[in-house]
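Heads up, the thing below is written out as structure tokens.
The values are calculated or read from the model by the stated rules, or taken from the named source; none is laboratory data. Here the structure is a predicted model, which is why all the values come from computation and not from measurement. Virtual Cβ from ideal backbone geometry, glycine too; neighbours counted across all protein chains shown. For the accessible areas, the whole protein counts, side chains as well, though only heavy atoms, and no ligand, DNA or RNA atoms are used. Shrake-Rupley method; radii C 1.70, N 1.55, O 1.52, S 1.80 Å.
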Amino acid sequence: MTQFSGKSVYKGIALGKVRVLRKQDEAVRRRKTEDAKSEILRVAEAGERAKEQLRNLYDKALGQVGEVSAAIFEVHQMMLEDEDYLESIRNIIRTESVNAEYAVAVTGDNFFKMFAAMEDDYMKARASDVKDISNRLIRILEGREDNDLTSMAPSILVADDLTPSETVQMDKEKILAFVTVHGSSNSHTAILARLRNIPALIGVPMDLGEIQDGMWAVVDGFAGTVLFNPDEGERARARKRIEEERENFRLLEELKGKETVTIDGRKLKLYANIGSVSDIGYVLENDAEGIGLFRSEFLYLGREDFPTEEEQFLAYRQAAQTMGGKKVIIRTLDIGADKQADYFNLGEEENPAMGYRGIRICLKQQDIFKTQLRAIFRAAVFGNISIMYPMITSVEEVQEIFRVVKEVQGELDGAKTPYKYPEQGIMIETPAAVMISDELAGLVDFFSIGTNDLTQYTLAIDRQNEKLDDFYNPHHKAILRMIRMVTENAHKHGKWVGLCGELGADLGLTEEFVRMGLDELSVSPSMVLKVRKKIREMESGAEN
């Protein structure tokens, strides 16, 4: 038996045989060629074939994992049309008189190293994308097919990393667990695992050369471990735990349709976080009482120009109508930091997480902001929509927001366009907003505490930096005191307060949050019933 530890991105237990996904990007042979024009034509034809494959993958992903996750294939198509990338391939063919496969491989390696060396997290993520599209071109040039993952038996999938194109091709019902050497908690694999309740570990320091197809393994997402070649005793223990988890899941299913209420009668709103309209199916499937965070910036990502007012209106209207009267809280555009779109022309920043992002962009580029506000106000006619503004640090920002809002109302009135004024809230995710939350509470209808950024800014720690994992403590007393302060200040002004960061799904803090007096928790859809169970089993002891 051999055991490894990694970072769990979804908790659960899996027992099964291993399927090792071995990359097919063996060293590409260099061949001399006298016909550069022919090789360049081969690259162009392979590019068209690759774009066709990516269009098919996008369509498949759209139905399986939603618009947000599918957008990566649109990004890959755009990268295949990047003139710098293509010109590098053509130059290598011409100057070195080599075959197309070799020129693509060299260009792919060069661009991979260039992106991987960048400091910006978004640009670093492009390194794996350029590797993916280069490998796709090489496979097409060599007449090879993608890894066929559609017909595999139910398996624990083990890999160095998984590309979006690989995960989309899988039959999700046959994946018992994911275990990868690399990857991040925001990767396509991690998102898929959380959406589909698949146990998953990343950052596992295993040697894939020593792991064979067909060997048994136990994945423990609670402990963050994978055990290869378990003996019969370990397998029996795993089977017992899997049965317990199935029974727990069955019991959770019985909570559908029931209130989120403590033993002594204190009710909370239990909402879900989503990234696109296509995620609403998971919200309804898990019986969330509303949507506490609709990340509207994903309408802006993976495209070459701004979404129109009509495109946004249709998306927000669909969300409101699909939720059938349940609350939908739309966060206005929070682009910047780790979420970049080239057409915004944001420029390079030394520290983008503390730079030009969120409400700062909206207040500086008010035409973009007004377009989104008009779309939200129009969509509010069709359901129970609220709106909240991210990255607030001052009273003056909120006052400027409402000045813009008034202008938007004037435009809609002038055009005689039907609209509804939505409930107005702000996100508390900076220490500055916490410290003046008593003043801010008098200006808005509600607060939503974004614990991800609040923790990062308070502890001065980039939560995506693996080197700082030992220092990152979301349970830090400072964070909990801030949440308590914000809750008390909201209630003094008769306003409700929710929490929509990752801490909302931290069952170790649920009781403390309820006792602080939080009115609402918004979590990933897969955690809704687990949090409801926790709340229904406790006394509130509410302090407010």
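Rounded to the nearest 20 debye, the dipole size of the chain about its Cα centre is 1260 debye, using +1 on the Cβ of Lys and Arg and -1 on the Cβ of Asp and Glu.
State the percentage of accessible surface on the chain attributable to carbon and sulfur atoms; use a 1.4 Å probe and exclude ligands, DNA and RNA.
Numbers: 11650 of 23890 Å².
Exposed carbon and sulfur together represent 49 percent of the surface.
Given the chain, what percent of its DSSP beta bridges are antiparallel, to the nearest 5?
On the way: 19 of 60 bridges.
In the chain, approximately 30 percent of DSSP beta bridges are antiparallel ones.
The slack in the chain from residue 256 to residue 445, taken as 0.36 nm per residue of separation less the alpha-carbon distance, amounts to 65.1 nm.
Entry comment: accessible area of segment 408-499 is 47 Å² per residue, from protein heavy atoms only and a probe of 1.4 Å.
Averaged per residue, what accessible area in Å² does segment 214-304 show with a 1.4 Å probe, protein chains only?
On the way: 4190 Å² over 91 residues.
Heavy-atom accessible area per residue stands at 46 Å².
Spacing of the modelled spin labels on residue 38 and residue 17, each 7 Å from Cα toward Cβ, amounts to 4.5 nm. With a Förster radius of 22 Å applied to the beta-carbon distance between residue 31 and residue 83, the computed FRET efficiency rounds to 0.30. Given their separation in residues at 0.36 nm each and the Cα-Cα distance between them, residue 417 and residue 231 gain 60.1 nm when the chain is fully extended. Each Cα pair under 8 Å and six or more residues apart adds its sequence gap; the mean of these over the residue count of the chain is a relative contact order of 15 percent. Between residue 246 and residue 113, the simple label model (points 7 Å from Cα in the Cβ direction) yields a spacing of 5.2 nm. Here the Karplus curve 6.51 cos²θ - 1.76 cosθ + 1.60, taken at θ = phi - 60°, turns the phi angles of segment 449-455 into couplings of 7, x, 6, 4, 6, 4, 5 Hz, with x standing for Gly and Pro. Computing FRET efficiency as 1/(1 + (r/R0)^6) for residue 537 and residue 363, where r is the C-beta to C-beta distance and R0 is 56 Å, gives about 0.80. Against the set [x] 41, 32, 20; [y] 34, 34, 22; [z] 41, 25, 23, the structure's computed semi-axes √(5λ) of the Cα gyration tensor in Å falls on [x].
Please state the relative contact order of segment 405-448 as a whole percent: Cα pairs under 8 Å, 6+ residues apart?
Values: 22 pairs, mean separation 17.4, N = 44.
It comes to 40 percent, rounded to a whole number.
Which value, in debye to the nearest 20, gives the size of the charge dipole of segment 197-256 about its Cα centre, when Lys and Arg are +1 and Asp and Glu are -1 at the Cβ? The dipole magnitude comes to about 220 debye.
What is the helix-to-structure angle for 100-116, meaning the angle in degrees between its Cα long axis and the longest Cα principal axis of the chain, kept from 0 to 90 and rounded to the nearest 10? Approximately 30 degrees, to the nearest 10.
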